[in-house]
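Encoded as structure tokens, the structure appears first; notes follow it.
The values are calculated or read from the model by the stated rules, or taken from the named source; none is laboratory data. This one's a predicted model, so the numbers in the text were calculated from it and none came from an experiment. All Cβ positions, glycine included, derive from the backbone under ideal geometry; neighbour counts span all protein chains shown. All accessible areas refer to the heavy atoms of the entire protein, side chains included, with ligands and DNA or RNA removed. Shrake-Rupley method; radii C 1.70, N 1.55, O 1.52, S 1.80 Å.
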Amino acid sequence: MIRLFANPDHALQNARAELAEGLLKPVVERPERMVRILTALEAARFGPIETPADHGLDPILALCDPGYIDFLQRAWALWTAEGRGNDALPLNWVGRGMRRVRPRHIDGLLGYYSFDAGTPITATTWQAVYRSAQTALSAARAVSEGSRFAFAGCRPPGHHASGDTFGGYCFVNNAGLAAQALRDAGADRVAIVDVDYHHGNGTQTLFYDRGDVSFVSLHADPAWEYPYFLGYADETGAGAGDGTTLNLPLPFGTRWDRYAEALDRAGRAVAAFAPDGLVISLGTDPHEDDPISRFALTTEDFGRMGRVIGAWDRPTCVVMEGGYDLASLGANVAAFLGGLLDAAR
Ligand SMILES: [Zn+2]
């Protein structure tokens, strides 16, 4: 069985514009995404969609830098104190030869805590982020309490956010929270497998030097694709986490045959790690119609992906990440979850 959770406050993250291709464009990470997902899940009759419980701020503070969380909570007030009413976006960052000091002005803080200009902060962003985090925590709780599968309908997504940096539409790392919650509930080892089109740089950063949480990612080659500065095959973990990170960059145009080979390699890595729990960062942006991505998977392929991962036979928490083609998004998520359930029958 699968338990389903969705962020009831997801629509509170409803930004106007992101900087892309030299223009301020309408954001692609918009509330309609979750509406499409929930409509498809209801139609598929997997079960009721539950409202997440409130697990409080402590799990977030345990994973993230408290100064960063304080910034997220106060950013809008600092922004509007400058007389601004439009969405908050950073405009400069630490470059080579500069100092990574923590400035006082909101423009400096936005640059200090971010890595791109595509992730606007609005008046209600923090509320949406907080409830998205609670959604992941609730799904993890369901798995640790014995549900074979749980789905966290997180929005905003999380896999680009580390413990102290936002970007890529992400603020708090929901998959990381879920993994840590599984650990705290008694799992000795947890594997996170990220199938979003983009590398989950934030998740990798959070767990890079940990031996208890592995990170495996299939994504577009960062030499050619966002986020560009992490996700290469030679990043394999450090310290206690040496050998627990596996990056599988793939070329533009990747179809199911090539993807399936990489997924098989991911499965072998998961089996070797022998985790007690699995967290899937589910992005449907590898779909062929995705507006910002360049893979060529179909809706049927997401069903295949679900069946492969379901056959890995681990208690599994699925956390929603990206996916921006509104026409196929709901069907892709439903196909993936249906595949998981098929494999477990
Ligand atoms: Zn993505």
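Brief remarks on what is shown
- A cut-off of 5 Å between modelled amide H atoms, ignoring neighbours fewer than 5 places along the same chain, links Glu50 with Leu4, Phe5, Ala6.
- Only Cα pairs under 8 Å and 6+ residues apart enter the sum, and on that basis the relative contact order of the chain stands at 18 percent.
- Bridge type composition, the chain - antiparallel percent by DSSP, nearest 5: 15 percent
- Solvent-accessible ranking of Met305, Met1, largest area first, probe 1.4 Å: Met1, Met305
- Accessible area per residue for the chain, computed on protein heavy atoms with a 1.4 Å probe, is 40 Å².
- For Thr245, the residues 5 or more places off, or on other chains, whose built amide H falls under 5 Å of its own are Phe215, Gly237.
- Selected from Ala233, Thr299, Phe46, residue furthest toward positive end of dipole (the chain; charges at beta carbon): Phe46
- Trp93 paired with Trp224, simple spin-label distance in nm, labels 7 Å along Cα-to-beta-carbon: 2.2 nm
- Taking only protein heavy atoms and a 1.4 Å probe, the accessible area of the chain is 50% carbon and sulfur.
- Considering all different alpha carbon pairs of the chain, the Kirkwood hydrodynamic radius works out to 19.7 Å.
- Using θ = phi - 60° in the Karplus curve 6.51 cos²θ - 1.76 cosθ + 1.60, the 3J(HN,Hα) couplings for the stretch 245-254 round to 10, 10, 9, 10, x, 10, x, 3, x, 4 Hz; x is entered for Gly and Pro.
- Counting only protein heavy atoms and using a 1.4 Å probe, the accessible area of Leu89 comes to about 30 Å².
- Net lengthening on full extension, Asp342/Glu288 (0.36 nm per residue, minus Cα-Cα): 17.1 nm
- Peptides 227-238, 122-133, 164-175 ordered by packing proxy, namely the average of other Cβ atoms within 10 Å per residue, highest first: 164-175, 122-133, 227-238.
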